[in-house]
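Read through the structure below, which is laid out as structure tokens, and then see the notes.
The values are calculated or read from the model by the stated rules, or taken from the named source; none is laboratory data. All of these numbers come straight from a predicted model, not from anything done at the bench. Every residue, glycine among them, receives a Cβ derived from its backbone with ideal geometry; neighbour counts consider all protein chains shown. Surface accessibility is based on the protein's heavy atoms, side chains included, excluding ligands, DNA and RNA. Shrake-Rupley method; radii C 1.70, N 1.55, O 1.52, S 1.80 Å.
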Amino acid sequence: MFFKRERKDKLKVVEAATPPPAPPPAPQERSEQRSQIASVHRLPAIRPATASAADLRRTTNPQTLGFKTTSELEPPVGLLGQDQALQAIAIGASIKTRGHNIVVTGAESLADVAAIRAQIQTIAAKRPPPSDWVYVANFADGQAPTALQLPAGLGSVLATSVNDAMSEMGSAILSALRGDSYQARWRAIDAEFQARHQAGLEALARTADSHSIALLRTPMGYAVAPAHDGSVVLQETFSNMPPTMQADVRAHITALEADLAELLEKAPQIDRQRRARLTKLNREVIASIVRAALSEPRELFAEHPEVLEFFSGVEADVVANANHFLPTIDLTDILDADLSNSIDEARFDRYRVNVFVSWASDANAAPVVQEPAPNATSLFGSEIASGTLAPHMRLVPGALHYANGGFLLLDARALTASGQAWPGLLAALQAGAVCSALAGDGSSSSTLAPAIPLDVKVVLLSDAEHLAQILSVDPRFAELFNVRVAFADVVERTPETERAMARTIAGLIGREAVEPLEPGAVAELIELSSRNARDAGLLSLCVRDFASILHHANARRAAASRKLISRDDIVEARAAQGSSSGSARKTASFPEPAAIGSVVGLKSDGAGPRLQRVSARVLPAFARADTLDVKVLTGVSGTREAGKVIAYLASEFGHRHRIALSALIDGESASCEEESCAELVAVLAAIGEWTLSSSIAIAGTFDPSGHVRPTGDVSTAIEEFFDVCRAAGFNSDAGVVIPKANLSGLMLRKDIVDAVEAGTFAVWPAATVTECVATITGLSAGYRETDGGFAEGDAYRHIDDQLQQLNQRTKSQFAVPPVETEPRP
Amino acid sequence: MIVHVAEAGEARGRVVLHCGYSPAANDAALKVALHIAKAYRSELEGLLVENRQILALAGHTFAHEIALADGAVHGLDAGDLQRQHRALYEAERRHITKAATVAGVEARVQTVRDDDIAALVRCCAVLGPWNVVVLSEPMDGSGSEKIGRILDAVQDATGVVTVPRRARLSKGPIVVTVEDEDRMSTMLRTAERLAAITGAEIKLLLTTAGDDELHWLEAQARLLVADNKRCSIMLNDTTSAPASSIAGRVGAMSASFLIAKHGGSVLPYEDCRSLTSVLRCPVFCIR
């Protein structure tokens, strides 16, 4: 509320200083009126030519589109206006040298990405199919699995063959254990060793018995004692025996104890020998089984020596760990085991094949993989945290593994936002190898799986801003992504491209499931596309915003029970959309009221159009009589030299006499190096002590020779000024001076075109600064005469006179004339 | 008491588990004893014997014990020996009681200081005439001789069960080696009682010399078996196949029980090494 009130007050001041708004005058009356508005010195008025309504908006004739409804149109082939970009992608994708990864900027819609993918698939179809990769156990180092590369389709075949062989081994081992031959051999070995131990004990027992000595079991072992009739002789009885007999019995007992100790001492050794013999038997049996089970896979992979090496490793490992495959852990108790059940196949897991990446055997193209959510896991795979799985079985592939040998499409923003994925990807591309699973610190995982050779072309989808960021952050990026493709935002507007745009709109209608459009409705959308491109000669290729307009329009059509969406539906839908979005937009305020040396400037840069009061103050030179000093305010207290303004003033007015003044501009070029036309006109108005109308704004820049240079997005700037004028009550005699070069690109709103046709608003195209001055002052700027001066009554004659006066005032300020140093240009 | 005995009017009889000095090594014997107790619906009597002879031996100043584990020789002290006994048998008592509870068999455990066989004689005399003795000591090559001595001395036992070192309970067939007609029905009934628990098949292996004798024995067996479909008959002529080969045949059958007459061709009095080397099941020896 406060700002609104303040603005009203300012407008009152403007109204007090200028005549109140009147109904639109006739063209002849307007020049007189302008003279009244801008008049400290009354000068003859000149009416400059305004742009015609036809110049302000280029329309599309629905008749030229060549259809009655959009349902007749074929879906678009390819992407409109992106032929060059897609061609560049195709060339980039065809380069096989490392480092030629591709960055595509500006591809924002799903259709864009689909077209890129289709283009890459065309290249991929000419490439050989990728390899299968499998991980198998490394029998030399259990924690470092072996990676095997196989032709497409053979990875799965290898896994199936090994699984079949393992199943066969399981049942074959069981059969062998149940077999009479094996059991007989087992019993023979067991009996042999049992007999050796038992026979020794029995022989000792017989010896003991022959010497009347008992061999008894104790809780922990054996003991020997003198015996009579099967009973141990008591100590008292033994003591009463003759000493010689006692000594004899003791000697026998000692000898027996020694023999018994030796026998029992050897028992573990004998048991070890027995186990070794049984282990050897089992190894012999299992070796023949594993050899038979692997014979068929060996034939199948006879041409792959690395696979044969793996089979040899399996065979040796199975035989070396034969005990592992028996039903009981204790090898020596094999006959006691329950052989009714099959051997647990989990025991063979160590030998199974982890089919890491596998393709169909009839694959005939390189892979094209798109990873929508790239992160360390999705790109590099992961490792299953399981203590039961063999290390090589824990590895899970990522998108890089699947794309190996082909192409990988990634979104740059998602990629760089995901921590380790981005540096990991650059490292992998640089090294030409990819590890399996990436640890949290970006290094490879705990499993020491060897890195797989990486031959992938990454296609990174980015936008220009983000591309600049990542280029500045990591120097490796520039080396590795040296194919850069920018999708065009706009395409030249021709009858052909208008028809192509019609087909694109028809495709959008199909995707959005709305009813067909009349040709007029399509023409309206094409004009809208041109407006979005900010140039009547261009069409914007971004049609995403059309979807909501189409849905709004379709709702209107349905309410009116019509079959086709009409132009009016589109116009109304746009208006509804504009009002809904405009409600949140801040309305631009009218600049400060008119004053001497000020003018309304219209500037358009990346941040959008900007309406600003530009003012200048002129004083006699401060330091020396011949000083021409013009500065632009750049901040609270900062200034910079307005070089172009100085150059222009010197070239236009420095022919006959020196110019000595100091000027300060508070204007539009504070943040840039280039002064605008408005700033130059403000300086001229300040010199001429003119008060110029606030209802005319100036756009564009100039060069020192006085040519007005085009500026960007003039259409939006004009529209904004038009709205501000209408809001401030300038309903007539308002207008904008624009660079003439911008005229052909104007694509103004319909209401502005109507206002121009009605004469309540004007657009003046100016090619030179003098035209610009003439337009805003209503005077002829002037022509230099033979003596270097200007003709009487010209605007520049007045300025020239003013400059001379300023020069005199400067001279009077300095008692001692300045010393000539060098001639003025 | 043994139920069928009780039904016959004799309120006596138990399964007696005789434990010598290596009870811990004979867990299989305990399982077999419990299995038989269930089959006979009988109580289990654990008999832990402190061998008096060993205690007498410990009285000698020169007595030594040679460790079974490594052959180390050390002095034998009577006090130490008794402490070992006590600890060992207390653990065994708990073990037997717990296993019996789990198996649903009523059990009682007593510790006696006596000679091995004398202890059995007294125990069985107290419990009545229809006892089955299960020996905890593993059966070895000379085990048959010990079984003979037990059967001779312990008149109140109907049979002695011995368990080879690597025996285990399985669901294999119950093999009955029949060498004469007299014991055929008794042995078959015993087999049927054991089979009732596991549902095992019964194989009557008729073993005798000569065709005539064998066919006559077969005829008697078929009369006895009648329509028992779980019972099959096999023949073994000892004139063509020596008795030692029977052991191999029984071993190959993966039997869950072998029921044999003590002192016959399968389980001779003197040496049963050929049988113990192949057998993986308990042997129910009858007189």
Go through region A:717-767 residue by residue and tally those that are of a type in the set (G, A, S) and under 42 Å from the mean Cα position of the chain (by Cα). 4
Exactly one condition in (1) surrounded by 17 or more Cβ atoms within 10 Å (Cβ to Cβ); (2) within 11 Å of chain A (Cβ to nearest Cβ); (3) part of a helix (DSSP H, G or I) is not met by B:R149; state its number. (1)
Within region A:229-248, how many residues are surrounded by 13 or more Cβ atoms within 10 Å (Cβ to Cβ) and either outside any strand (DSSP E or B) or more than 8 Å from chain B (Cβ to nearest Cβ) (or both)? 7
Total residues in region B:22-78, condition touching an Asp or Glu at 6+ places or on another chain (Cβ under 8 Å), at the interface with another protein chain (Cβ under 10 Å from one of its Cβ atoms) and either open to solvent by less than 30 Å² (accessible area, probe 1.4 Å) or among the basic types (K, R) (or both): 10
Can you pull out the residues in region A:30-89 that are in contact with a Phe, Trp or Tyr (Cβ under 9 Å, 6 or more places away or on another chain) and at pLDDT below 80? A:A38, A:S39, A:V40, A:H41, A:P48, A:A49, A:L79, A:G81, A:Q82
Any chance A:D569 is crowded, with 22+ Cβ neighbours inside 10 Å and part of a loop (DSSP other than H, G, I, E, B): no
Please go through region A:738-758 and pick out each residue that is touching a helix residue (DSSP H, G or I) at 6+ places or on another chain (Cβ under 7 Å) and part of a strand (DSSP E or B). A:I738
Just to verify a result, which residue in region B:111-127, among those that are in a helix (DSSP H, G or I) and within 14 Å of chain A (Cβ to nearest Cβ), is surrounded by the most Cβ atoms within 10 Å (Cβ to Cβ)? B:D116
Would you say B:R108 is away from chain A (no Cβ under 14 Å) and without any contact (Cβ under 8 Å) to a residue 12 or more places away in the chain? no
Does B:S240 count as modelled with pLDDT under 80, within 22 Å of the chain's Cα centre (by Cα) and of a type outside the set (D, E, K, R)? no
Selection over region A:734-792 where residues are open to solvent by 30 Å² or more (accessible area, probe 1.4 Å), farther than 28 Å from A:L684 by Cα and in contact with a Gly (Cβ under 8 Å, 6 or more places away or on another chain) yields a count of 1
Answer yes or no: is there a residue in region A:255-271 that is touching a helix residue (DSSP H, G or I) at 6+ places or on another chain (Cβ under 7 Å), part of a helix (DSSP H, G or I) and more than 13 Å from every other protein chain (Cβ to nearest Cβ). no
Examine region A:128-150 for a residue that is among the hydroxyl-bearing types (S, T, Y), buried (at least 16 other Cβ atoms within 10 Å of the Cβ) and in the same structural domain as A:I253 (by TED's automatic domain parsing), and state whether such a residue exists. no
Say whether the condition of being away from chain A (no Cβ under 14 Å) and open to solvent by 10 Å² or more (accessible area, probe 1.4 Å) is met by at least one residue in region B:128-142. yes
Would you be able to tell me the number of residues in region A:180-221 that are more than 11 Å from chain B (Cβ to nearest Cβ) and farther than 15 Å from B:V278 by Cα? 9
I want to confirm something. Restricting to region A:202-228 and keeping residues that are among the hydrophobic types (A, V, I, L, M, F, W, C) and either closer than 16 Å to B:R165 by Cα or assigned to a strand (DSSP E or B) (or both), which single residue is most open to solvent (accessible area, probe 1.4 Å)? A:L215
Out of (1) part of a helix (DSSP H, G or I); (2) open to solvent by 70 Å² or more (accessible area, probe 1.4 Å); (3) away from every other protein chain (no Cβ under 11 Å), the one A:A287 does not meet is (2)
Taking the condition within 22 Å of B:L151 (Cβ to Cβ) and open to solvent by 40 Å² or more (accessible area, probe 1.4 Å), does B:R249 pass? no
Give region B:157-173 a look and list any residue that's touching a Phe, Trp or Tyr at 6+ places or on another chain (Cβ under 8 Å) and open to solvent by 10 Å² or more (accessible area, probe 1.4 Å), or say none. B:T158
Residue selected from region B:120-168 under the condition of a type in the set (K, R) and touching a residue at least 24 places away in the same chain (Cβ under 8 Å), by the criterion nearest to B:I96 (Cα to Cα): B:R168
Read through the list (1) in contact (Cβ under 8 Å) with a residue 40 or more places away in the chain; (2) among the small types (G, A, S); (3) surrounded by fewer than 18 Cβ atoms within 10 Å (Cβ to Cβ); (4) not assigned by TED's automatic domain parsing to the domain that holds A:N554, then give the number of the only condition that A:A124 fails. (3)
Any chance region A:77-94 includes a residue that's touching a residue at least 60 places away in the same chain (Cβ under 8 Å), among the acidic types (D, E) and either outside the structural domain of A:V434 (by TED's automatic domain parsing) or open to solvent by less than 50 Å² (accessible area, probe 1.4 Å) (or both)? no
Identify the residue in region B:79-105 that is within 14 Å of another protein chain (Cβ to nearest Cβ), in contact (Cβ under 8 Å) with a residue 40 or more places away in the chain and surrounded by 15 or more Cβ atoms within 10 Å (Cβ to Cβ) and, among all such residues, is farthest from B:A39 (Cα to Cα). B:L88
I'm checking my understanding of the structure. Among residues of region A:273-284 that are of a type outside the set (V, I, T) and closer than 19 Å to A:G179 by Cα, which one is most open to solvent (accessible area, probe 1.4 Å)? A:K280
Evaluate the following for B:A196: is it modelled with pLDDT of 85 or more, within 24 Å of B:L135 (Cα to Cα) and open to solvent by 10 Å² or more (accessible area, probe 1.4 Å)? yes
Being open to solvent by less than 60 Å² (accessible area, probe 1.4 Å), within 14 Å of chain B (Cβ to nearest Cβ) and on the phi < 0 side of the Ramachandran plot, is that true of even one residue in region A:151-169? no
Using the structure shown, decide if A:R726 is of a type outside the set (V, I, T), farther than 14 Å from A:I776 by Cβ and free of Cβ contacts under 8 Å to residues at least 12 places away in the same chain. yes
